Amino acid sequence: MLIALLPGDGIGPEVVAEATRVLKAVVGDRLTFETAAVGGAAYKVHGHPLPPATLDLARKADAILFGAVGDPDCDKLERHLRPEQAILGLRKELTLFANLRPARLFPELADASALRPEVAEQIDMVIVRELNGDVYFGEKGMRKTASGRREGYDIMSYNEDEVARIARVGFETARVRKGKLCSVDKANVLETSQLWRDVVIEISSEYPDIELSHMYVDNAAMQLVRNPGQFDVIVTGNLFGDILSDQASMCAGSIGMLPSASLDSAQKGLYEPIHGSAPDIAGQGKANPLATILSAGMMLRYSLGLVAEADRIEAAVAKALAGGARSPDLGGRMTTTQMGDTVLAAL
Ligand code: IPM
Ligand code: MG
């Protein structure tokens, strides 16, 4: 099975290197790896953040392990050349519409959470985020108002088929968990959200066994901090899911801990930590590789059918944490490589 490695920018290469070591240790020569440039790193060499060769590799691979993109050197480029367009382009070109972002607290990290331990302990949820639509992909631009003032605009929209397909992923995810689905929207203000809510309710008739609730996104942000234990599965749009998953990560200990899977309808997937390229700490060995290692575990589970191996990775991460493995984001001093070493030793 072929794995595309797309390390990208900032801390991406450091964390992908550790996850690759873990994959090699667990799955050995059943996997082959090919690396390609993506993001600002690709722009600097090939003049484009998602060069054709990278997209080709992503298409032909059985799964993709992605680091991060984002580079302050590129912030002044035209939008279509910025590093972030690489991940957006991959999600769109490969129809990776379903983003699963599990957030749970490893008990050893209760102290690292931004919440009180007894509140943080309850966290065990999956955020199902839509990835192919919303304000991310609507018409956007800069224009002048009638009085000549600059105006930026981004159109938010969802059609009913897009909502229905992600809603089904939400219901299916809830079905193999605690059977509770909370759909997050802003239906009190946005038409896009009103359609979202209507369609989620329609689809719910296919899932009578699932307990469906609805929550406005502002309330959801508040509830994530007040009582995160109430959530089992959250299904939401691209923008709200982006924001709420960063928030959930700090509730669960650190943004350095949260993995994600972006899947198409055939379970082909791109796997990446939810954190970004963190240019401020790039190249210093300070990055926590656990989110990427856990993403590699999700890859084995969801796209490659290697469930026992995925369990081994998760158990090794838990054991490493129990043994005191702590990178700076978790209040410790271990380097990226030492964190990787500790997980390898725990396997
Ligand atoms: C994420 C990131 C991306 C997003 C950026 C890098 C475009 O924040 O995966 O959460 O907004 O989706
Ligand atoms: Mg994000």
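The values are calculated or read from the model by the stated rules, or taken from the named source; none is laboratory data. Being a predicted model, the structure only gives us computed values, none of them experimental. Note that each Cβ is placed from the backbone with ideal geometry, even for glycine, and that neighbours are counted across all protein chains shown. Each accessible area value is taken on the protein alone, full model and side chains, heavy atoms only, with ligands, DNA and RNA left out. Shrake-Rupley method; radii C 1.70, N 1.55, O 1.52, S 1.80 Å.
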* Asked: For segment 34-46, which residues satisfy the criterion of being under 13 Å from Phe66 (Cβ atoms) and part of a strand (DSSP E or B)?
  -> Thr35
* Asked: In the set Ala287, Ala252, Ala278, which member is surrounded by 22 or more Cβ atoms within 10 Å (Cβ to Cβ), aliphatic (A, V, I, L, M) and modelled with pLDDT under 95?
  -> Ala252
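In the list Asp75, Asp134, which residue meets the criterion of being within 15 Å of ligand 1 (Cβ to nearest atom), modelled with pLDDT under 95 and either open to solvent by 20 Å² or more (accessible area, probe 1.4 Å) or not small (Gly, Ala, Ser) (or both)?
Being within 15 Å of ligand 1 (Cβ to nearest atom), modelled with pLDDT under 95 and either open to solvent by 20 Å² or more (accessible area, probe 1.4 Å) or not small (Gly, Ala, Ser) (or both) holds for just one of Asp75, Asp134, which is Asp75.
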* **The one condition in (1) part of a loop (DSSP other than H, G, I, E, B); (2) free of Cβ contacts under 8 Å to residues at least 40 places away in the same chain that Gly285 fails to fulfil** => (2)
* To do: Look at segment 120-153 and say how many of its residues are part of a loop (DSSP other than H, G, I, E, B) and either assigned by TED's automatic domain parsing to the domain that holds Met298 or touching a residue at least 12 places away in the same chain (Cβ under 8 Å) (or both).
  => 9
* Candidate set from segment 42-72 (those that are free of Cβ contacts under 8 Å to residues at least 60 places away in the same chain and within 14 Å of ligand 1 (Cβ to nearest atom)); member that is surrounded by the most Cβ atoms within 10 Å (Cβ to Cβ) -> Pro49
* What number goes with the only condition from (1) assigned by TED's automatic domain parsing to the domain that holds Asp161; (2) surrounded by fewer than 24 Cβ atoms within 10 Å (Cβ to Cβ); (3) within 18 Å of Asp124 (Cβ to Cβ) that Leu321 does not pass? -> (1)
* **Unique match (being open to solvent by 60 Å² or more (accessible area, probe 1.4 Å), under 26 Å from Met339 (Cβ atoms) and at pLDDT 95 or above) among Glu34, Glu14** => Glu34
* Structure fact -> Note on segment 325-343: residues open to solvent by 10 Å² or more (accessible area, probe 1.4 Å) and at negative phi are Arg326, Pro328, Asp329, Leu330, Gly332, Arg333, Met334, Thr335, Thr337, Gln338, Asp341, Thr342
* To do: Could you please find all residues in segment 124-148 being among the aliphatic types (A, V, I, L, M) and within 21 Å of the chain's Cα centre (by Cα)?
  => Met125, Val126, Ile127, Val128, Leu131, Val135
